[in-house]
Amino acid sequence: MSNKQIGIWITGASSGIGKAAVKEFSSVGFNIFASARRVTELERLKEEIKSDHFEIYPCNVASQANVEQTFKKITSGNQINCLVNNAGITSFKTAEENTIKEIDDVINTNLLGSIYTIKTVLPHMKKIGSGTIINVLSVVTGKTFTNSSAYTASKMGLLGYLKVLREEVRDYNIRVINITPGATESAMWTREMREEHNHRMMNPESVARLMVSAFLQKDNIVTEEIIVRPIEGDI
Ligand SMILES: NC(=O)c1ccc[n+]([C@@H]2O[C@H](COP(=O)([O-])OP(=O)(O)OC[C@H]3O[C@@H](n4cnc5c(N)ncnc54)[C@H](OP(=O)(O)O)[C@@H]3O)[C@@H](O)[C@H]2O)c1
């Protein structure tokens, strides 16, 4: 199979790590399906990429119905060989300050959104006999940070789900690859935080390159967990 026949569905593709992942996977010549809610940002990215093997599929991952519709649209003419579960939001507040709406949004996007996309691609990957599910977690799964209880719950919940999933799908030649980054310069951080700390944050491009290299790993090896931090440590 040539690279242009290998389909990569990337969620949260309109900015940050997801946008960098689009560019990295695209540079290898894969067939990219880019999803996010902001259509204008996706269209701008399409202009920039200028590839016949890049299509935008606007999708709110927090809506199971929307995920299902998007999956159907993509697979009406393509295979999905790799799903990159990257869409995510946070809320930098204490547990007491967080509103129920903010907590729902974080859990629905980061945890349930990833589960919805996985649930749609699994039968498809089993049918085609292989697949790769790359998930963007966070160092909050291994270290405690205040002002991030809902976010931590969403990423730790997802980690638990993925550990079980990985064991269930081994026999179907489906790889589950978790990337666990520390502070990465993106819109997830407030402008003030970026202005103060950007010199020590990782670039989204560096994180995206890890995804592509794990995806390209040959033979029967799978890099299951990748933890990366800025060399100066956490912020
Ligand atoms: N930046 C960091 O320091 C860091 C560290 C560890 C892990 N991460 C993880 O990295 C991933 C990417 O974040 P980022 O840092 O690149 O931040 P970002 O620039 O804010 O990107 C987040 C992406 O997720 C999309 N998104 C948010 N809610 C969505 C929804 N309901 N449906 C579909 N797409 C949605 C956004 O697009 P739309 O708004 O257009 O929908 C955007 O493309 C997240 O999972 C985050 O938790 C980030």
Pick from region 6-18 the residues that are outside any strand (DSSP E or B) and not small (G, A, S): which of them is surrounded by the most Cβ atoms within 10 Å (Cβ to Cβ)? I17
In the list I231, I226, I221, which residue meets the criterion of being touching a Leu at 6+ places or on another chain (Cβ under 7 Å) and either crowded, with 16+ Cβ neighbours inside 10 Å or more than 20 Å from K155 (Cα to Cα) (or both)? I226
Condition check for T94: modelled with pLDDT of 95 or more, under 16 Å from the mean Cα position of the chain (by Cα) and β-branched (V, I, T): no
Might you let me know whether region 181-192 holds any residue that is away from the ligand (no atom under 11 Å from the Cβ) and of a type in the set (A, V, I, L, M, F, W, C)? no
Answer yes if at least one residue in region 95-110 is in contact (Cβ under 8 Å) with a residue 24 or more places away in the chain, farther than 23 Å from A208 by Cα and touching a Leu at 6+ places or on another chain (Cβ under 9 Å), and no otherwise. no
Out of all the residues in region 23-69, which are in contact with a Pro (Cβ under 8 Å, 6 or more places away or on another chain) and either closer than 12 Å to I10 by Cα or assigned to a helix (DSSP H, G or I) (or both)? S35, A36, V39, L42
Some residue of region 19-37 being farther than 26 Å from V228 by Cα, surrounded by fewer than 20 Cβ atoms within 10 Å (Cβ to Cβ) and within 10 Å of the ligand (Cβ to nearest atom): yes
Which residues, counting only those in region 110-147, are under 27 Å from G233 (Cα atoms), polar (S, T, N, Q) and under 19 Å from the mean Cα position of the chain (by Cα)? N110, N135, S138, T141
Among what's in region 70-86 and is assigned to a helix (DSSP H, G or I) and surrounded by fewer than 19 Cβ atoms within 10 Å (Cβ to Cβ), pick the residue that is nearest to the ligand (Cβ to nearest atom). K73
Output the number of the condition that E232 fails; it satisfies all remaining conditions of (1) of a type in the set (D, E, K, R); (2) in contact with an Asp or Glu (Cβ under 8 Å, 6 or more places away or on another chain); (3) not in a helix (DSSP H, G or I). (2)
Scope region 203-221; condition in a loop (DSSP other than H, G, I, E, B) and either of a type in the set (G, A, S) or over 16 Å from N81 (Cβ atoms) (or both); matching residues: N203, D219, N220, I221
Residue among R170, R200 that is touching an Asp or Glu at 6+ places or on another chain (Cβ under 9 Å) and of a type in the set (D, E, K, R): R200
Quick check on K143: is it at pLDDT 95 or above, touching an Asp or Glu at 6+ places or on another chain (Cβ under 8 Å) and surrounded by fewer than 22 Cβ atoms within 10 Å (Cβ to Cβ)? yes
Return the residue satisfying two criteria in turn: it lies in region 138-147 and is under 19 Å from N85 (Cβ atoms) and free of Cβ contacts under 8 Å to residues at least 60 places away in the same chain, and of such residues it is nearest to the ligand (Cβ to nearest atom). S138
Answer yes if at least one residue in region 154-174 is assigned to a loop (DSSP other than H, G, I, E, B), out of contact with any strand residue (DSSP E or B) (no Cβ under 6 Å at 6 or more places or on another chain) and surrounded by fewer than 17 Cβ atoms within 10 Å (Cβ to Cβ), and no otherwise. yes
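The values are calculated or read from the model by the stated rules, or taken from the named source; none is laboratory data. Values in this document were obtained by computation on a predicted structure and should not be read as measured data. Positions of Cβ are backbone-derived with ideal geometry, glycine not excepted, and every protein chain shown enters the neighbour counts.
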